[in-house]
């Protein structure tokens, strides 16, 4: 969502309506994850992406039709869509879910050549709380955007359904107190909310589950009964987590640090470099770092310990006992998801013996401290070593084996 905010602001200032398309479901291999967003103005202008190019044109067409736009002059729009075809006037202004899947006939037209299936929610209007959502994103305030993305007719007792299955849509005109497709709300870390899914009992259950998703920093999808009952499939809900970027704290202002900072920034980390030596710990040496701290590692960790979570990483690159032993001791008191320590196998063996002597159990060190740091990919340069370290962090977080995809089978992407 963040990448389309500037364009949405521009279009709104010009008095244009804006539709939002978001990925709300992925099966098999998909080019984008749940939450990937594209914005479309009524003039056919486009920002963002939902598939990396596979189905963007078709989504733009559906978004324009949902706004009631019947045609686009080729010279007046970046989309240059021309005639958009017949519009179902009853569906104008209503959110829809469009399904795009792979088939041989459409693989290179409107489909997914990677073989997966995308479900895309197209909403012809911005949510009523859009200004608040935008402000939250810009200020990096943690929240969850909860959206109703599917309704299951097989479990709905009181409903009317307009059959748009030939177009791959889910569209329901509902009664009986059921939520509406596209209903959404914002949920914050303190349990407060803005908006509603339409039923207080469902809202309360969803708020509880939103807080769980927020604590993990992981987008999720669940199903409920209309009253929030578990193990029911009436209502499908997507939890899009907007949390501050994960943190990487690098101890040691050494040659490998600058490369690791750059790679970590590409992965979206907020990076801190910390070293007790002021001559080395300077912003000039690490311009890409978000902050450079002159302090002893254990003393700095004491200040931030409670703010670290499983999403965060600590990389100890000093391979000097007076720095790395206190740093690892303190890091093990945190909830941080990754702790890695640089050095040769002999250095790590000696470091482990020193840590054992402080009373830390061997099984804790074996489980939580990765040393020597990084995957064994033959890295030699600082840049290659940085990639090796970040690859190990990803492998550690996902629980996936660090071997070549060519030697594995099954889905490339986890959808947990």
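The values are calculated or read from the model by the stated rules, or taken from the named source; none is laboratory data. Since we're looking at a predicted model, the values are computed, not measured. Note that each Cβ is placed from the backbone with ideal geometry, even for glycine, and that neighbours are counted across all protein chains shown.
Taking segment 94-180 and the strands (runs of 3 or more DSSP E) fully enclosed by it, the elements with 1 or more residues that are at pLDDT below 90 and under 15 Å from residue 58 (Cβ atoms) are at 96-101, 117-123. Hey, among 40, 23, which residue is under 25 Å from residue 218 (Cβ atoms), at pLDDT 85 or above and under 24 Å from the mean Cα position of the chain (by Cα)? Matching residue, one of 40, 23: 23. In segment 52-64, the residue that is surrounded by the fewest Cβ atoms within 10 Å (Cβ to Cβ) out of those that are under 19 Å from residue 95 (Cβ atoms) and touching a residue at least 40 places away in the same chain (Cβ under 8 Å) is 58.
If the condition is being out of contact with any helix residue (DSSP H, G or I) (no Cβ under 7 Å at 6 or more places or on another chain), assigned to a loop (DSSP other than H, G, I, E, B) and more than 20 Å from residue 334 (Cβ to Cβ), then segment 286-309 contributes only 287. Answer yes or no: is there a residue in segment 375-382 that is assigned to a loop (DSSP other than H, G, I, E, B) and under 18 Å from residue 275 (Cβ atoms). Taking every residue of segment 375-382 in turn, none turns out to be assigned to a loop (DSSP other than H, G, I, E, B) and under 18 Å from residue 275 (Cβ atoms).
How many residues are under 25 Å from the mean Cα position of the chain (by Cα) and free of Cβ contacts under 8 Å to residues at least 12 places away in the same chain when one looks only at segment 250-300?
1
Among the criteria (1) under 21 Å from residue 309 (Cα atoms); (2) surrounded by 12 or more Cβ atoms within 10 Å (Cβ to Cβ); (3) modelled with pLDDT under 95, the one residue 399 does not fulfil is (2).
Scanning segment 380-397 for residues that are touching a helix residue (DSSP H, G or I) at 6+ places or on another chain (Cβ under 9 Å) and more than 12 Å from residue 337 (Cβ to Cβ) yields a total of 9. For segment 36-43, the count of residues that are crowded, with 17+ Cβ neighbours inside 10 Å and farther than 27 Å from residue 140 by Cβ is nonzero.
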